[in-house]
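Quick notes on the structure that follows.
FYI, it's all coordinate maths here, none of it is from the lab. Since this is a predicted model, take the numbers as computed values, not measurements. Glycine also receives a Cβ, built like all others from the backbone with ideal geometry; neighbour counts cover every protein chain displayed.
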Amino acid sequence: MGMALVNLLNLSPGETIAAMIPVSRNEWDGYLVMVTSEGVIKRCELSNFAKINKAGLNALGIREGDKLIAVLRSDGEKEVFLATAGGRGIRFHETDVRSMGRGAVGVRAMKLREGDRIVGATMADGQVLLVSANGIGKCTPLEDCRGQNRGGFGIIVYKPNERTGPVVGIESVRENDELMLINSEGVIIRIRVADISTYGRYASGVKLINMSEGVTVVGMAKIPEGYVSDDGDNVNDE
């Protein structure tokens, strides 16, 4: 079951963890890029959080009805890729978002059609991997997902249907990376990205994980090539 985070952090009632970012105590260069479910994005210098205590610091102003769904770390020179539950995506350079202070709300990253929401964000690098609630996914070449101006409706990057369910996650991956999928029963599987088929923007993909009826994918995490040993065990260069 693990340890309750309330033993480590002062969380308010109803407050939950949205992201975890590993940081060296001596390296505070770069930025945090924060994305909300209603399509708001904010870029903030990581050094703003160098002095932090158990009570925490406010990092983002959240509008009513919105919630933080992704936090990315960047060197300030990357492109951001956002995806929605309805299968739309948008790609733009992070410098389209000016650096802001901790109390700022952010700016519009993507316009959403009625009933849609942002489900994930990643730094655009390599191929785009999208996974649906029913465990169906695909890789799509990044060049198939053209860059756009921030604030638009984006383009179709996945075709969800009754068989696939909505999109639940997105990652930028390379062939030698691996992927971990977690379902609502707490089962985790591990897949080599090289074994996941590549399709165009309008495809839904193939089955990545077999699940019982009513069980869905609730989380995904990439294991980069440098953290995978030849026998499949995780390694850490540190």
Report the GluC sites (Glu not before Pro) located in region 165-198 that are in a DSSP loop and have at most 12 other Cβ atoms inside 10 Å of their Cβ, or state none.
GLU185
Where a ≥ b ≥ c are root eigenvalues of the Cα gyration tensor, a/c under 1.5 meaning rounded, otherwise prolate if a/b exceeds b/c and oblate otherwise, region 1-125 counts as oblate
Neighbour cut-off at most 16 other Cβ (10 Å), DSSP loop, chymotrypsin sites (Phe, Trp or Tyr not before Pro), region 17-78:
TRP28
Quick check: residue separation of GLU185 and GLU114 times 0.36 nm, minus the Cα distance between them. What number comes out in nm?
22.5 nm
A correct Karplus calculation of ³J(HN,Hα) over region 53-59, with 6.51 cos²θ - 1.76 cosθ + 1.60, θ = phi - 60°, whole Hz and x for Gly and Pro, returns 10, 4, 6, x, 10, 5, 10
Counting only residues 5 or more apart in sequence or on a different chain, those whose built amide H sits under 5 Å from that of ALA104 are GLY61
With only alpha-carbon atoms in the gyration tensor, what are the semi-axes of the equivalent ellipsoid for the chain, in Å, largest first?
27, 22, 19
Cβ-defined net charge surrounding ARG113, 13 Å radius [Lys, Arg +1; Asp, Glu -1]
0
Relative contact order as a percentage, region 87-238, C-alpha pairs under 8 Å and 6+ apart, gives 27 percent
What is the magnitude of the charge dipole of the chain about its Cα centre, with +1 placed on the Cβ of each Lys and Arg, -1 on the Cβ of each Asp and Glu, and no other charges, expressed in debye to the nearest 20?
1000 debye
Expressed in angstrom and rounded, the centroid-to-centroid distance over alpha carbons for region 1-36 and region 99-149 is 21 Å
